[in-house]
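Presented below is the structure to which this report refers.
Rule-based calculations on the coordinates, nothing more; no lab input. These numbers were taken from a predicted model, which means no experiment stands behind them. Glycine also receives a Cβ, built like all others from the backbone with ideal geometry; neighbour counts cover every protein chain displayed.
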Amino acid sequence: MKLLAAYASGGPNNYENVIDCRAKCDYRCSKSSRHKMCIRACNTCCQRCNCVPPGTSGNYEKCPCYWHMKTHGGRRKCP
């Protein structure tokens, strides 16, 4: 999974910039009422964007890719 994030963020030689999605998403979703769903969505978004906004909600300006990802129904995908 980290390999996918490395390729998405600039190629296979970019390993130093790959973040720990599991830890970031565990914190991001720590106050969610639907924890499992939040973790699943957050990990997908993190792997694609290689970033997770700080805190447990909001702060989307820190990670525009995370903010702009939408579901097929047009709703925000990332928690």
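Magnitude of the Cβ-charge dipole of the stretch 21-79, K/R +1 and D/E -1, about the Cα centre, nearest 20 debye? Can you show the working numbers first?
Numbers: 13 positive and 2 negative charges, 42 e Å.
It works out to roughly 200 debye.
With the contact rule set at Cα under 8 Å and sequence spacing of 6 or more, what percent relative contact order holds for the stretch 21-79?
It rounds to 33 percent for the stretch 21-79.
Run through the stretch 21-68 and list the trypsin sites (Lys or Arg not before Pro) located in a DSSP loop whose Cβ has at most 16 other Cβ atoms within 10 Å. Mind showing how you got there, number by number?
Values: sites: 22, 24, 28, 31, 34, 36, 40, 48, 62; in loops: 31, 34.
Loop-located and lightly packed - 31, 34.
If Lys and Arg each add +1 and Asp and Glu each add -1, what is the summed charge of the other residues whose beta carbon sits under 9 Å from the beta carbon of residue 39? Before the final figure, lay out the partial values.
Working: positive: 22, 28, 36, 40; negative: 26.
It works out to a net charge of +3.
Please identify the chymotrypsin sites (Phe, Trp or Tyr not before Pro) of the stretch 14-79 that satisfy two criteria: DSSP loop assignment and at most 11 other Cβ atoms within 10 Å. Which are they?
Values: sites: 15, 27, 60, 66, 67; in loops: none.
Sites meeting the loop and neighbour criteria: none at all.
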